[in-house]
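Contents: one structure, followed by commentary.
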């Protein structure tokens, strides 16, 4: 019964995403040079609309997104696959070291782009962790920060991330800022950052 309910929810989430794809005006200018690979960072609250954005990116190449290993990751992985993306599941415990080695190797691949929520998977909200900047440094790839503005959207304010669900027939404006190659000791002052001066952890 649990698997059946999960499958139904996955299809429901995707059906609504398809509705948005047909009705939402998505204003975005895709970054140049994406075929060389990049590290894309966004806020966790924008995870849902990022599926459509990553689908646009996939015209040039497959995008891999780092997602949580728990049950929530199943829904995210399903949507990513339907949007021509790939999910990289973040493990817990002693498997994390091997995961980081594999993730670093992926970042070093000149033809691959990685996307991840800067404040994911569990916050605090809009306080970026250093993983994206570390991957930019080790992979020698440009870091691209994504900022999303909605003309109409539902905000789940009881969730830690204030998860945003756009409404049909609305406008979603996406700004993409290039910061070049960054690093854990060279974190740029993001204009999408909520507070300055907070030390950013690698993981939650």
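Miscellaneous remarks
- Remark: the residue 81-residue 12 segment gains 23.4 nm on full extension, using 0.36 nm per residue and subtracting the alpha carbon distance.
- Packing around the peptides 50-58, 157-165, taken as the average count of other Cβ atoms within 10 Å per residue, puts them in this order, highest first: 50-58, 157-165.
- Scaling against 2.2 N^0.38 Å puts the C-alpha radius of gyration of the range 10-128 at 1.06.
Read the figures in this text as sums done on the coordinates, not as results from a lab. Remember, it's a predicted structure, so these values are computed and weren't measured experimentally. Reconstructed Cβ throughout: ideal geometry from the backbone, glycine too, with neighbour counts over all protein chains shown.
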